[in-house]
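Asks: Structure provided below as structure tokens; questions to follow.
The values are calculated or read from the model by the stated rules, or taken from the named source; none is laboratory data. Note that this is a predicted model, so its numbers are computed, not measured. No Cβ is skipped: glycine too gets one built from the backbone with ideal geometry, and neighbour counts run over all protein chains shown. The accessibility values were calculated without ligands, DNA or RNA, using every heavy atom of the protein model including side chains. Shrake-Rupley method; radii C 1.70, N 1.55, O 1.52, S 1.80 Å.
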Amino acid sequence: MKKIAAILTAVVLAASCQDDFLDKTPLDKLSEEAVFNSAALAESYINAIYTVLADPYQEGNIGCITDEGYFRYGGTSTRYIASGTMTPDNIIYMNEGGPAHSIRVTILNIWNRAYDRIYRMNYFLTYVDEKGTKISADDIARLKGEVYFLRAWTYFNLIQRYAGVPIITKAYNLTDTYDAQRDNFDDCVDFILEDLDKAYELLPTKEKAVKGRVNKDVVLALRSRLTLVAASPLFNDPERPEGGIFRGTYSADKWKRALDATKLIIDRADVDGAYRLDDTYDGVWKNTDSPELIWAKYFGTTAGNKAQLLYSVVYFNGWTAFNPTQAMAIDYEMANGKKFFEPGSGFDPQHPYKGRDPRFYKSVAQPFCNYPNTDNSGYHDNVLDLSLYYDNVSEDDFAVGKKEPSYTAKAKHLWHATNTMGLELMKWYIPTSPISEAENGTLLYPWFRLAEMYLNYAECAYKTGNEALCREYINKIRSRADVQMPEVTESGEALWDRLVNERRVELAFETFRYFDVRRWKTAQFYENIPIAGMRTMVFRNGTQNDTLYRVALPRDDSRVKHCYYWPNSTEKATYVEANGKDIFAQAAEDSQGAIEVDGSCIKYRWLGNDYWVDYGDCCLNVAPTQKHFYNVGGEWPNYLMPIPANEITKAGGTIVQNPGY
């Protein structure tokens, strides 16, 4: 293959809208000798391989497949996955002949994209090893180190989604027979670790690396995440100890391996001083020089549609792509460290978002919060209005048997008031930056940051029996300068609850939740909790305004529950979906007993005690459907992605499908 014009054209296109260092475009129609003997051109070739995993700032954000958020327009991107109807056929992208949206959730179904880039990585390594290069020894070592890391990064993301996958180290020619089979999960992990070893030897230190390019510390961070995932119950299950394609052979020692791997990157911070937690929680997305960033993707102003699509409260006529759910909001502790349903929490139903963990206010935009923006037309003094207004109406007008009064005014983004969550996304928002379809104000996406490494370390410490170390690293995060949450003091099961919740809050909306509840094998509970929104209703009677929040509340048997009515209905809400089943009863059925319900109340276990959360006042009639995480024939198929049907066909049937599909 003397000419690689097609490859160069493809990688140039793939590199569009990336970091500044990815904007270097190699010349078209160059011979492979020219490309792989020029440091600049070879670097441009590798730049495009950095795009193997699309950044999570996609319109159909992966968080909308979890209990974090909801995307009401995600019929071909998120909703069909969240509803439990994912199949090997419907995850195929439109540009590959399937029904899935081609530019949404490209971070989830990555099979075709990944193996395309693996081919390019293998092609580069094969060429420079077999034919040699005139590139200087230092430059070729760095470039090979980047490719070894990127191949490890690619395979990690594959096994996290699909379990064992074919390990391919050669660049197939058009005449080659592609009959690869899936390798065992443990073999894939070992292969990734080998590539990371090679990358670590060749890559420069952080101090000598170009910002945005990988370095030795990025290798250590991926080693931490990889070994943590490989040690987790989904892939290291004591109840299913046999190894194979779908999981590894069970060994408790895998937690020790993960602990040791994570300590290497922890020491770079705690011993060497190379990193530290940012003083501010939002510094990790507002400051390109944040001391917490280990590896990030940086954006230019021409990057196009990015984070503005996730929080378009003010723009695009109310189109929105990410609404945080009630299930997410209720897990932010009160400032005193208690959940809102615990006795002594100080929770006030008339001010449901008052007195929360400071991270809540930098992550979730709630009614009447300060929401400064570059175009505040329609807003007053930068206050975010997410309310429905009713003139000459009181709460009594919603009594049983009465027709729900029509609202008289609403926030402009609530053009369909019953199909939003009533909350908006604050995380990633930069008030001083432009938000438009043509100009991007988003600065970066953090692939790895120190807080994740601390939480990884805490989890490994817990699993290896060192609860004191676990508490220490959870508390490091809780003591961030602008957070200052009370110290965690629990042990045993209660300490695990604290750790799980800390990951949920600290890493909210950063794609971790989807993979965390899967690797812990807890998705049958969390992902069967009905999607519930809230409504803020302002009753205007002359000069007196009363505000009523319809939110999830602690169960109170003295309170009249279920007072929500469907619009224009005289009937009490029964929470029935199109299939005729009550959504709470359906959740209990789908979860196979993991969820216990009583009417519209769901039982949560927290710090060794059971609490009931009542969703009866919430907005529950979301479209197109509620969430479902099904069991099929004894398997929970959605713990793994299905391998796209067209890829199995392409392989001639040598690749077996994941269980349940």
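Asks: Given a Förster distance of 35 angstrom, what is the FRET efficiency for Asp260 paired with Asp237, based on the Cβ-Cβ distance and rounded to 0.05? Intermediate values should be presented prior to the final figure.
Replies: Working: r = 22 Å, r/R0 = 0.62.
Between Asp260 and Asp237 the formula returns 0.95.
Asks: Just going by the charge dipole of segment 62-185, with Lys and Arg at +1 and Asp and Glu at -1 on Cβ, which of Pro88, Thr66, Gly145 is farthest out on the positive end?
Replies: Of the options given, the answer is Thr66.
Asks: Related question: Name the residues whose placed amide hydrogens come within less than 5 Å of the amide hydrogen of Trp447, ignoring near sequence neighbours (fewer than 5 apart) on the same chain.
Replies: Trp295, Ala296, Lys297
Asks: For every other residue with a beta carbon closer than 12 angstrom to the beta carbon of Val393, add +1 if it is Lys or Arg and -1 if Asp or Glu, then tell me the sum.
Replies: On the way: positive: Lys402, Lys403, Arg540; negative: Asp391, Glu395, Asp396, Asp397, Glu404, Asp546.
Net charge around Val393: -3.
Asks: If you don't mind, there's one more thing I want to ask. Using every Cα-Cα pair within segment 513-552, state what percent have a distance larger than 17 Å.
Replies: On the way: 435 of 780 pairs.
So the pairs more than 17 Å apart make up 56 percent of the total in segment 513-552.
Asks: While we're here: Find how much the distance from Ala34 to Ala180 grows on full extension, using 0.36 nm per residue of separation minus their present alpha carbon separation; answer in nm with one decimal.
Replies: Numbers: separation 146, 0.36 × 146 = 52.56 nm, distance 3.15 nm.
Taking 0.36 nm per residue and subtracting the Cα distance, the gain is 49.4 nm.
Asks: What order, most packed first, do the peptides 259-267, 593-601 have when packing is the mean number of other Cβ atoms within 10 Å of each residue? It would help to have the intermediate numbers written out before the result.
Replies: On the way: 259-267: 20.9, 593-601: 17.4.
Highest-to-lowest ranking by the protection proxy: 259-267, 593-601.
Asks: Also, I was wondering about something else. In whole percent, what relative contact order does segment 449-506 give with Cα contacts below 8 Å and a gap of six or more residues?
Replies: On the way: 51 pairs, mean separation 18.4, N = 58.
Relative contact order comes out at 32 percent.
Asks: Per the Kirkwood formula on distinct C-alpha pairs, the Rh of segment 423-516 is how many angstrom? Display every interim value, and only then the final one.
Replies: Numbers: mean 1/r = 0.0668 Å⁻¹.
Taking every pair of different Cα atoms in segment 423-516, averaging 1/r and inverting gives 15.0 Å.
Asks: Tell me the label-point distance for the pair Glu207, Val576, using the 7 Å Cα-to-Cβ offset, in nm and rounded to one decimal.
Replies: Here the answer is 7.1 nm between the modelled labels.
Asks: Okay, next question. Could you pull out every residue, at least 5 positions away or on a different chain, whose amide H is within less than 5 Å of the one on Val383? Hs are placed 1.01 Å off N in the peptide plane, and Pro or chain starts have none.
Replies: Here Tyr371 satisfy the definition.
Asks: Determine the dipole magnitude for segment 100-139: charges of +1 sit on the beta-carbon of Lys and Arg, -1 on that of Asp and Glu, nothing else is charged, the reference point is the Cα centre, and the result goes in debye to the nearest 20.
Replies: 280
Asks: Report, in cubic angstrom per residue, the convex hull volume of the C-alpha atoms of segment 605-644.
Replies: Working: hull volume 6.5 nm³, N = 40.
Once divided by residue count, the hull of segment 605-644 is 162 Å³.
Asks: Same structure again: Could you order Lys403, Lys286 so the one with the most accessible surface comes first? Probe is 1.4 Å.
Replies: Details: Lys403 120, Lys286 85 Å².
From most accessible down to least: Lys403, Lys286.
Asks: Quick one, what does Rg over Rh come out to for segment 491-533 if you take C-alpha atoms and the Kirkwood Rh? Provide the component values of the computation, followed by the final result.
Replies: Details: Rg = 11.1 Å, Rh = 11.3 Å.
Taking Rg over the Kirkwood Rh, I get 0.99.
Asks: Mind ordering 609-618, 121-130, 45-54 by average Cβ neighbours within 10 Å, highest first? Intermediate values should be presented prior to the final figure.
Replies: On the way: 609-618: 20.0, 121-130: 17.3, 45-54: 21.8.
The most tightly packed comes first, giving 45-54, 609-618, 121-130.
Asks: Okay, next question. If you average 1/r across every pair of different Cα atoms in segment 60-195 and take the reciprocal, what Kirkwood value do you get, in Å? If you can, show how the numbers build up before the last one.
Replies: Values: mean 1/r = 0.0590 Å⁻¹.
With all distinct Cα pairs of segment 60-195 included, I get 17.0 Å.
Asks: How much net charge surrounds Thr133 when only the other residues with a Cβ under 15 Å from the Cβ of Thr133 are counted, with Lys and Arg +1 and Asp and Glu -1? Please list the in-between numbers first.
Replies: On the way: positive: Lys131, Lys134, Arg142, Lys144; negative: Glu32, Glu33, Glu43, Asp129, Glu130, Asp138, Asp139, Glu146.
The answer is -4.
Asks: Expressed in nm to one decimal, what extension gain is obtained for the pair Asp556 and Val656 from 0.36 nm per residue of sequence separation less their Cα-Cα distance?
Replies: Details: separation 100, 0.36 × 100 = 36.00 nm, distance 5.08 nm.
Roughly 30.9 nm would be gained on extension.
Asks: Please list Glu59, Glu201, Glu452 from largest to smallest accessible area, probe radius 1.4 Å, with all protein chains kept in place.
Replies: On the way: Glu59 50, Glu201 145, Glu452 5 Å².
Descending accessible area places them as Glu201, Glu59, Glu452.
Asks: Compute the FRET efficiency between Ala137 and Asp272 as 1/(1 + (r/R0)^6), taking r as their Cβ-Cβ distance and R0 = 30 Å, and round to the nearest 0.05. Display every interim value, and only then the final one.
Replies: Values: r = 27 Å, r/R0 = 0.90.
The calculated FRET efficiency here is 0.65.
Asks: Nothing charged except the Cβ atoms of Lys and Arg (+1) and of Asp and Glu (-1): what's the magnitude of the dipole of segment 589-656 about its Cα centre? Round to the nearest 20 debye. Mind dumping the intermediate values first?
Replies: Values: 4 positive and 9 negative charges, 69 e Å.
Its charge dipole is roughly 340 debye.
Asks: For the pair Asn95 and Val500, how long in nm is the line joining their label points, each one 7 Å along Cα→Cβ?
Replies: 3.9
Asks: Something else now. If I take all pairs of Cα atoms in segment 178-301, what percentage of them are more than 20 Å from each other?
Replies: 54
Asks: Between Phe368 and Asp391, how many nm apart are label points set 7 Å from Cα along the C-beta direction?
Replies: Taking the two extended label points, one gets 2.2 nm.
Asks: Could I ask something else about it? In segment 128-224, what is the volume of the convex hull around the alpha carbon atoms, normalised per residue and reported in Å³? Don't jump to the answer; show the numbers that get you there.
Replies: Values: hull volume 11.7 nm³, N = 97.
Dividing the Cα hull volume of segment 128-224 by its residue count gives 121 Å³.
Asks: At a Förster radius of 60 Å, what calculated FRET efficiency corresponds to the Cβ-Cβ distance of Asp348 and Glu647, to the nearest 0.05? Please list the in-between numbers first.
Replies: Numbers: r = 53 Å, r/R0 = 0.88.
In this case the efficiency is close to 0.70.
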